[in-house]
Amino acid sequence: MSLFDKFTPLARARAALGDADIAPIATPIDSVRSATEGIIGGKPVILAGTNNYLGLTFHPRVIEAGREALSRSGSGTTGSRMANGSYAAHRALESEFAAAFGWPACLVFSTGYQANLGTLSALAGPDDFLVVDADSHASIYDGCRLSSATTIRFRHNDPDNLDRRLSRLGTDARRALVVVEGLYSMFGDQPPLREFVEVKRRHGAWLLVDEAHSFGVFGDRGLGTAEQAGLLDEVDFVVGTFSKSLAGIGGFCVSPHRELELVRLASRPYIFTASPSPAVIATTRTALEILVQGRDLRRQLHRNFSRLHQALQAMDYRLGSPKPGPVLAIVLPDSATALAHWQELLDSGIYTNLMIPPATPNGTNLLRISLSAAHTDQQIDRMIAAFESITEARTVEAQSAD
Ligand code: PMP
């Protein structure tokens, strides 16, 4: 009997991936040279498996802001804002998020994961309900676990199913917080937000949209899927992260309800952890300014993901979402095919993400690609060419087997 016995199935799944020089899970990246280039296994690669949607990690203004804050304010805050003091820059970033949405309240968290944990666990108490999409990110599920509310799941992207769940609550639906994401990172699909809004309105429920992957990507000002759909007025809370389009680490929750400020007093993941470093706050402030103004970056990103989406569709790949987006998921028949694709792409100098069971829902095998505004036309050409040579080789193989 050992505490470690429970890890046996995970260890077996890991062992099944083999012991290739370059691991397909937690792949070692030797170094990163730009938003889209790195070195893996000693060789240069195009990074197509990061969430650097606007490519801001190496933006000169972002880097300069971080450098300046590091020199001026030191390397860390060494404590939580509640216990050890709240820096002016943290408050300024909260005001800037709030201003971007035209809303009165914002809370900054140390990670996007904690933004969900801290918001959901504090907002929903023992008499309340968290009504979450079944394909929600782990941070949403963990927020439900930390909260003392009743958690109810509804079928992924299914407004009728949500309707039935809320109907069962009767007037208690007014104490229900519906949680959806602006873009689901596993398959790259988006929610039918207008239909969800209609349902939650009819039942008097509240709505939180996690725009982790859609912030910076959709909407005229990059505020996400709700902005793009013209539905920001219908949303009670937007949660997001600094770790994707904003090119840092941290998270936020913004709201048209002033009372969000009270969450600061009750949220354990906000109170009992150190606040982000001054450099992270400074880079995020600059990245946010660039993001809100970043229509050209968004246009370039949309051009890039539309091109690759179209090319992969033309090669008859099964894609996770019919609609092009910054996360392009290719559904492959089994883990061996997915692993072979991942390896062949890496051999061609393209780094992508392998997603296989038990990390995926319903035993799905995926190859996931994240596009960036910083990818050049030549880099997209190389991605398309690499897929073409994989499909050609497979066609030849299949023909010679006939
Ligand atoms: N929400 C969603 C939908 C996510 O996909 C993620 C991370 N991928 C998070 C929250 C957590 O964000 P972070 O990694 O910045 O902590």
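The values are calculated or read from the model by the stated rules, or taken from the named source; none is laboratory data. As the structure is a prediction and not an experimental result, all values here were calculated from the model. Heads up, the Cβs are rebuilt from the backbone with ideal geometry, glycines too, and the neighbour counts pull from every protein chain shown. When the accessible area is computed, the model is the full protein with side chains, heavy atoms only, and any ligands, DNA or RNA have been set aside. Shrake-Rupley method; radii C 1.70, N 1.55, O 1.52, S 1.80 Å.
In the chain, the DSSP beta bridges split such that about 60 percent are antiparallel, to the nearest 5. The solvent-accessible area of Ser389, taken with every protein chain present and a 1.4 Å probe, is close to 60 Å². Pull out a ≥ b ≥ c, the square roots of the eigenvalues of the alpha-carbon gyration tensor of segment 286-402, then state rounded if a/c is under 1.5, prolate if not and a/b is larger than b/c, and oblate in the remaining case. Judged from the Cα gyration tensor, segment 286-402 comes out prolate (a/c at least 1.5, a/b above b/c). Could you calculate the FRET efficiency of Asp5 with Glu344 from 1/(1 + (r/R0)^6), where r is the beta carbon distance between them and R0 is 35 Å, rounded to 0.05? Given R0 = 35 Å and the Cβ-Cβ separation, E is 0.45.
Each part gets one Cα centre, and for segment 1-22 versus segment 78-137 those centres are 36 Å apart. Estimated from helices alone, the mean residue ellipticity of the chain at 222 nm is -13000 deg cm²/dmol (sum of -39500 (n - 2.57) over DSSP H runs with n ≥ 4, per residue).
For Arg67 and Ser31, the difference between the fully extended length at 0.36 nm per residue and the C-alpha to C-alpha distance is 11.0 nm.
Compared with the alpha-carbon gap, the fully stretched path from Phe58 to Arg194 is longer by 45.4 nm at 0.36 nm per residue. Asp19 sits with roughly 140 Å² accessible to a 1.4 Å probe, with DNA, RNA and ligands left out of the calculation. Fully extending the segment from Ala138 to Arg318 would add 62.3 nm, taking 0.36 nm per residue of separation and subtracting the current Cα-Cα distance. The portion of the accessible surface of the chain made up by carbon and sulfur, rounded to a whole percent, is 53 (1.4 Å probe; DNA, RNA and ligands excluded). Take the Cα of Lys43, step 7 Å toward its Cβ, do the same at Arg164, and the gap between the two points is 5.0 nm. The Rg/Rh ratio for the chain, using Cα coordinates for both the radius of gyration and the Kirkwood hydrodynamic radius, is 0.98. Converting phi to 3J(HN,Hα) with the Karplus coefficients 6.51, -1.76 and 1.60 and the offset θ = phi - 60°, segment 322-328 yields x, 9, x, x, x, 9, 10 Hz in sequence order, with x at every glycine or proline.
What share of Cα pairs, in percent, lie more than 30 angstrom apart in segment 68-292? Percent of Cα pairs beyond 30 Å in segment 68-292: 19. Solvent-accessible surface of segment 346-402, taken per residue with a 1.4 Å probe and all protein chains present: 47 Å².
Note: relative contact order over segment 68-292, using C-alpha pairs below 8 Å and six or more positions apart, is 30 percent. At R0 = 41 Å, how high is the FRET efficiency between Ser95 and Ser306 if r is their beta carbon distance? Nearest 0.05 is fine. Step by step, r from the Cβ atoms, then E = 0.70. Leu169 contributes an accessible area of around 30 Å² to the protein surface, as traced by a 1.4 Å probe with all chains present.
The spacing between segment 325-400 and segment 275-293, judged by their C-alpha centroids, is 32 Å. Under a Gaussian network description of the chain, with springs only between Cα atoms under 10 Å, the residue in Asn161, Asn116, Asn304 that fluctuates furthest is Asn161.
Against the chain, whose longest principal axis is taken from its Cα atoms, helix 335-347 shows a tilt of about 80°.
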